[in-house]
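What follows draws every value from the coordinates through simple rules; no lab data is involved. Please read these numbers as outputs of a predicted model, since none were measured by experiment. Using ideal geometry, Cβ is built from the backbone for each residue, glycine included, and neighbour counts are taken over all protein chains shown.
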Amino acid sequence: MRICHAIIDGDERFCVSKDNKLYNIINDIDEIKSNFFSMNLNVDYDKEIEYKNIKYMIPVPYIRSVRDFYSFEDHVKNSRRNRGLDMVKEWYEFPVFYFSCTPNIYPDGAVIPYPRKSKKFDFEMEVAAVIGKKTKNCHGIECLSAVHGFMIMNDWSLRDIQAKEMAVGLGPAKGKDYATSFGRYYVTSDEIIKDGRIDIDMSVYINGKIYSSGNISKIYWPFESMIERASEDVELLPGDVIGSGTFSNGCLLESGSNQWLKPGDVIRMSSYRLGDLENTIGD
């Protein structure tokens, strides 16, 4: 299923998108919010939703935590090179992550305020996997069974603040908790995971012009490795998000051009499998 959560002509609804049409999920909305990851969703495919106004919300009813990983080798190499740093051997030993800030989450269509204390505002093109059942100390490919679905993810970053924090040897912190946005649709894992493999294309556009494209297949540490690491001696719960980390060339930092986002810029991330995520930078 490709699920969305929206205010449609004033009414809050969970819907399914199919063939560019929206259909209502007829379960009680409070039940959906309480049991989203464990219940069977019933869809009224007999009647397309017709509407005049729609405002998209985060497509899952709650996000419990966000662990964002650092899993694409080329992204790591390029980003470190532009800071005058070599690769560290420890990166190849295990996947690493940090915890993001869940209150500062934005949906598709939202305006992202321009940061007050940063002049190097950046986006990061990522994929988010959402945990749907309790899991702890899982191993290898079995870890994928804990994934309920996927969304586009944009990890907005303050590069000047991030660089100073990382120089201290702890973090990232304020350079990375400013904002995170998630795509319009949430696609259940049965449509994405095939024979233990994940194939997700992604592209990012700046003000309507394509900036870069990639595929999740180029990842060094796949989702099963990330989830295995995250679940070591810790129970993952429904609503926990596992961020893939930035696709290769999926941010401005890697270009080394010293060009950064400014008020009025429109960033759109698009995927044939996952849909779209578009945000405008505010003042």
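Kindly flag which residue pairs out of LYS134/LYS194; LYS136/LYS174; LYS18/LYS52; LYS18/LYS262; LYS18/LYS133 have an alpha-carbon separation exceeding 24 Å in this structure.
In this structure, LYS136/LYS174; LYS18/LYS262; LYS18/LYS133 exceed 24 Å between Cα atoms.
What is the chain's relative contact order, in percent, from Cα pairs under 8 angstrom and six or more apart in sequence?
25 percent
If I build a Gaussian network model for the chain, linking alpha-carbon pairs within less than 10 angstrom, which residue out of ASP240, ASP68, ASP199 has the largest mean-square fluctuation?
ASP199
From the square roots a ≥ b ≥ c of the eigenvalues of the alpha-carbon gyration tensor of region 64-206, which class results: rounded (a/c under 1.5), prolate (a/b over b/c), or oblate?
Oblate, since a/c reaches 1.5 and b/c is not below a/b.
Could you tell me the distance between the Cα centroids of region 163-222 and region 1-56, to the nearest Å?
25 Å
Sort the chain into rounded, prolate or oblate with this rule: let a ≥ b ≥ c be the square roots of the eigenvalues of the Cα gyration tensor; rounded if a/c is under 1.5, and if a/c is not under 1.5, prolate when a/b is larger than b/c, oblate otherwise.
Since a/c reaches 1.5 but b/c is at least a/b, the shape of the chain is classed as oblate.
So if we plug the beta-carbon distance of ALA163 and PHE99 into 1/(1 + (r/R0)^6) with R0 = 22 Å, what FRET efficiency do we get, rounded to 0.05?
0.70
I want the local charge near GLU126. Using Cβ-Cβ distances under 9 Å, sum +1 for each Lys or Arg and -1 for each Asp or Glu among the other residues.
-3
Based on DSSP loop calls and a cut-off of at most 16 other Cβ atoms within 10 Å, the longest stretch of the chain free of exposed trypsin sites (Lys or Arg not before Pro) is what?
It works out to 175-283.
Arrange the following residues from fewest to most other Cβ atoms within 10 Å of their Cβ: SER100, SER217.
The most exposed by this proxy come first: SER217, SER100.
For the pair ASP276 and GLU73, what calculated FRET efficiency results from E = 1/(1 + (r/R0)^6), where r is the Cβ-Cβ distance and R0 = 25 Å, to the nearest 0.05?
For R0 = 25 Å, the calculated efficiency reads 0.40.
Take the chain, connect every pair of alpha-carbon atoms lying under 10 Å apart with a spring to form a Gaussian network, then pick out the residue of ILE206, ILE219, ILE54 with the largest mean-square fluctuation.
ILE54
Relative to the Cα centre, what is the charge dipole magnitude of the chain, using +1 at the beta carbon of each Lys and Arg, -1 at the beta carbon of each Asp and Glu, and rounding to the nearest 20 debye?
980 debye
What is the spin-label model distance, in nm, from ASP283 to LYS21 if the labels are put 7 Å beyond Cα along the C-beta direction?
4.3 nm
What is the gain in length, in nm to one decimal, between ARG80 and LEU170 on full extension, counting 0.36 nm per residue of separation less the C-alpha to C-alpha distance?
Stretched fully, the ARG80-LEU170 segment lengthens by 30.8 nm.
Lone cysteines in the chain, defined as no other cysteine's Cβ under 4.7 Å from theirs: which are they?
Those would be CYS4, CYS15, CYS101, CYS251, since no other cysteine Cβ in the chain comes under 4.7 Å of theirs.
Residue separation times 0.36 nm, minus the C-alpha to C-alpha distance between SER145 and ASN40: what's the value?
Value of the extension gain: 36.1 nm.
For a test of the definition: using alpha carbon positions, the gyration tensor, and the 1.5 limit on a/c, classify region 213-275 as rounded, prolate or oblate.
Verdict is prolate for region 213-275.
List the lysines whose Cα sits under 16 Å from the Cα of LYS77, skipping any in the same chain fewer than 8 residues away.
The reachable lysines, counting only those whose Cα sits under 16 Å from LYS77, are LYS89, LYS218.
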